[in-house]
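K.L.:
My questions will all concern the structure given below.
The values are calculated or read from the model by the stated rules, or taken from the named source; none is laboratory data. Quick caveat, the model's predicted, so the values are computed rather than measured. Here Cβ is always computed from backbone atoms with ideal geometry, including for glycine, and neighbour counts include all displayed protein chains.
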Amino acid sequence: MTAMLADGHRWLGYLTFVLVLGSVVFAFTRARAAVAYEDGFPRIVGLVLALQVVYGLVLYGVGGYWDAAPLLAYVHPVLMVGAVGLGGVATARARDAAGDAASWQAITRFHGLALVAVLAGIGVASAV
Ligand code: HEM
């Protein structure tokens with residue numbers, strides 16, 4: 001059961017990373033072309049990040065990972081919760097930004113930071 005959940009979490013985790021990377025590229029190109037800001041895709045990315053954290057919490061509880069190595073038991077979850085927070089900041093800042101390019105720039109910046117957190121989180125989990 002735990003192994004199956006862990007497999008699903010791993011592959012969805014890699015997919016989440018690719019999605020956040022896609023969002024950074026998407027927002028960067030739209031900022032440069034000053035395309036009208038729409039929050040659909042950035043919000044989907046934020047939702048996927050949040051769902052993956054919920055999945056992680058379920059896996060953590062079912063598998064009793066609090067006894068695992070600290071990198072997995074504490075550092076991985078903290079980095080990933082941080083990534084979700086950055087996703088929320090991204091859409092909030094984009095909504096309040098003055099102009100379309102500024103909105104896409106906010107998404108580029110904060111999804112870029114979320115991408116770094118997700119990459120670091122995957123790195124520490126796979127180092128264990
Ligand atoms: C954006 C959120 C998250 C992403 C993208 C993510 C991604 C991943 C990935 C890719 C792995 C496999 C690493 C590897 O072995 O190469 C992993 C492992 C793991 N994650 Fe997450 N994770 C997220 C959030 C969380 C949270 C919030 C928790 C716990 C509260 C958690 C608990 C775990 C655990 C326990 C494992 C080890 C599973 C095993 O035994 O292989 N994850 N995660």
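K.L.:
Can you work out which of the residues in the range 1-14 that are in contact (Cβ under 8 Å) with a residue 12 or more places away in the chain and either surrounded by 12 or more Cβ atoms within 10 Å (Cβ to Cβ) or in a helix (DSSP H, G or I) (or both) is farthest from the chain's Cα centre (by Cα)? First the steps, then the outcome.
P.N.:
Just the residues of the range 1-14 that are in contact (Cβ under 8 Å) with a residue 12 or more places away in the chain, to begin with: 1-2, 5-6, 8-9, 12-14.
If we keep only those that are either surrounded by 12 or more Cβ atoms within 10 Å (Cβ to Cβ) or in a helix (DSSP H, G or I) (or both) as well, we get 2, 5-6, 8-9, 12-14.
Numbers: Thr2: 23, Leu5: 19, Ala6: 18, Gly8: 16, His9: 13, Leu12: 11, Gly13: 9, Tyr14: 10 Å.
Residue satisfying both the conditions and the ranking: Thr2.
K.L.:
Out of the range 17-31, which residues are among the small types (Gly, Ala, Ser) and surrounded by fewer than 17 Cβ atoms within 10 Å (Cβ to Cβ)?
P.N.:
Residues of the range 17-31 among the small types (Gly, Ala, Ser): 22-23, 27, 31.
The answer is Gly22, and nothing else.
K.L.:
Identify the single condition in (1) surrounded by fewer than 18 Cβ atoms within 10 Å (Cβ to Cβ); (2) over 26 Å from Phe41 (Cβ atoms) that Ala125 does not satisfy, given that it satisfies every other one.
P.N.:
Single failed check for Ala125: (1).
K.L.:
Take Val48 and tell me if it is assigned to a helix (DSSP H, G or I), over 17 Å from Val124 (Cβ atoms), in contact with a Leu (Cβ under 8 Å, 6 or more places away or on another chain) and among the aliphatic types (A, V, I, L, M). I'd like the intermediate steps shown before the answer.
P.N.:
Working: assigned to a helix (DSSP H, G or I): yes; over 17 Å from Val124 (Cβ atoms): yes; in contact with a Leu (Cβ under 8 Å, 6 or more places away or on another chain): yes; among the aliphatic types (A, V, I, L, M): yes.
Considered against the rule, which asks whether it is assigned to a helix (DSSP H, G or I), over 17 Å from Val124 (Cβ atoms), in contact with a Leu (Cβ under 8 Å, 6 or more places away or on another chain) and among the aliphatic types (A, V, I, L, M), Val48 comes out as yes.
K.L.:
Thr91 - would you say it is more than 14 Å from the ligand (Cβ to nearest atom), assigned to a helix (DSSP H, G or I) and surrounded by fewer than 18 Cβ atoms within 10 Å (Cβ to Cβ)? Steps first, please.
P.N.:
On the way: more than 14 Å from the ligand (Cβ to nearest atom): yes; assigned to a helix (DSSP H, G or I): yes; surrounded by fewer than 18 Cβ atoms within 10 Å (Cβ to Cβ): no.
No: the conditions fail for Thr91.
K.L.:
Ok, one more. Exactly one of these conditions fails for Ala34: (1) under 18 Å from Trp104 (Cα atoms); (2) modelled with pLDDT of 95 or more; (3) surrounded by fewer than 18 Cβ atoms within 10 Å (Cβ to Cβ). Give me its number.
P.N.:
(2)
K.L.:
A further question follows. Would you check if Ala36 is assigned to a helix (DSSP H, G or I), touching a helix residue (DSSP H, G or I) at 6+ places or on another chain (Cβ under 9 Å) and not β-branched (Val, Ile, Thr)? Talk me through it step by step, then tell me what you get.
P.N.:
Working: assigned to a helix (DSSP H, G or I): no; touching a helix residue (DSSP H, G or I) at 6+ places or on another chain (Cβ under 9 Å): yes; not β-branched (Val, Ile, Thr): yes.
The answer is no for Ala36.
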